[in-house]
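The structure appears below as structure tokens.
Derivation of every value follows stated rules applied to the coordinates shown; laboratory data play no part. What you are looking at is a predicted structure, and each value in this text was computed from that prediction instead of being measured. Every residue, glycine as well, gets a Cβ built from its backbone with ideal geometry; the counts of neighbours run over all protein chains shown.
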């Protein structure tokens, strides 16, 4: 197998995901650009390659069993293992989401993509991650998933969000469960928040750039063997649950 570090970033055709792929590629890694839209995926791969990144496209729809299985087969055939998985793909479901008038289809869609999709991808790729000498998993979360911050009267956490924010709380809990299950394997798994980043998910209202938003994922993807696992972090450090 190649000595080059192999990473897969889901939802990597634009925004934060693209910048995570670019940042990991700048380290000399080979980066799989996971995305469901063929044209956008290939455009992202072409742009990354033009910037010197060893990028390759991975057709991937995180809510499809068949798509995720095919993606794992593609990477196994190409590299024989996976060193780093960044679960970045996600949706907001639109804003605002009033609890008393919640559209249950929107709630289901957020959980299906932001939580079940992460479980589906992680479980499918675990056999390839177990073949790595330094496997890392990064789940892109958000501080809106922090119950401590959401319940604090003096902390601004944005509009009511019956689908997106709880889905990130759910994702954080899932991250902890994986960390407990994988404690003796050398696989480090953590959740990271990119901050309020200007992307199409928020109508480009964020004040951070996608490159800044990608920084925490790159940090967690490159943790040393004695690094943390089962944690929740942003650029400033630990985020309260």
(message) So I have (i) 7, 32, 33, 18, 8, 1; (ii) 7, 30, 39, 22, 2; (iii) 8, 34, 39, 16, 3, 0, and one of them is P(r) over Cα pairs in 10 Å bins from 0, in percent calculated from this model. Which one is it?
(response) (iii)
(request) Taking the chain as the reference, fit the longest principal axis to its C-alpha atoms, fit the long axis of helix 210-221 to the helix C-alpha atoms, and give the angle between the two in degrees, 0 to 90, nearest 10. (result) 60 degrees
(message) Using a Förster radius of 45 Å, what is the FRET efficiency between residue 26 and residue 101 based on their Cβ-Cβ separation? Nearest 0.05, please.
(response) 0.50
(message) Using Cα springs under 10 Å in a Gaussian network model of the chain, which residue among 12, 215, 102 shows the largest mean-square fluctuation?
(response) 102
(message) Please compute the contact order of the range 6-238 in relative form: average sequence separation of alpha-carbon pairs under 8 Å and at least six residues apart, divided by the residue count, as a percent.
(response) 19 percent
(request) Tell me what the chain gives for mean residue ellipticity at 222 nm when only DSSP H runs of n ≥ 4 count, each as -39,500 (n - 2.57), the sum divided by the residue total, rounded to 500 deg cm²/dmol. (result) -12000 deg cm²/dmol
(message) Suppose each label sits 7 Å from its Cα in the direction of the beta carbon; what would the residue 77-residue 116 distance come out to in nanometres?
(response) 2.8 nm
(request) Evaluate the distance, in nm, between pseudo-label points positioned 7 Å from the Cα of residue 225 and of residue 185 along their respective Cα→Cβ axes. (result) 1.8 nm
(request) Describe numerically, in nm with one decimal, the distance between label points set 7 Å from Cα along Cα→Cβ at residue 133 and at residue 4. (result) 1.7 nm
(message) Between 0 and 90 degrees, rounded to the nearest ten: what's the tilt of helix 117-129 against the longest Cα principal axis of the chain?
(response) 30 degrees
(request) Quickly rank 92-101, 61-70 as a protection proxy: mean count of other C-beta atoms within 10 Å, highest first. (result) 61-70, 92-101
(request) Write down the percent of antiparallel bridges among all DSSP beta bridges whose residues are both part of the range 6-238, to the nearest 5. (result) 5 percent
(request) For the range 61-103 and the range 23-37, compute the distance between their C-alpha centroids and round to whole Å. (result) 15 Å
(request) Treating the angle as unsigned and between 0 and 90°, give the value, to the nearest 10°, between the Cα long axis of helix 164-181 and the longest Cα principal axis of the chain. (result) 50 degrees
(request) Can you put 164, 178 in order of Cβ neighbours within 10 angstrom, beginning with the fewest? (result) 178, 164
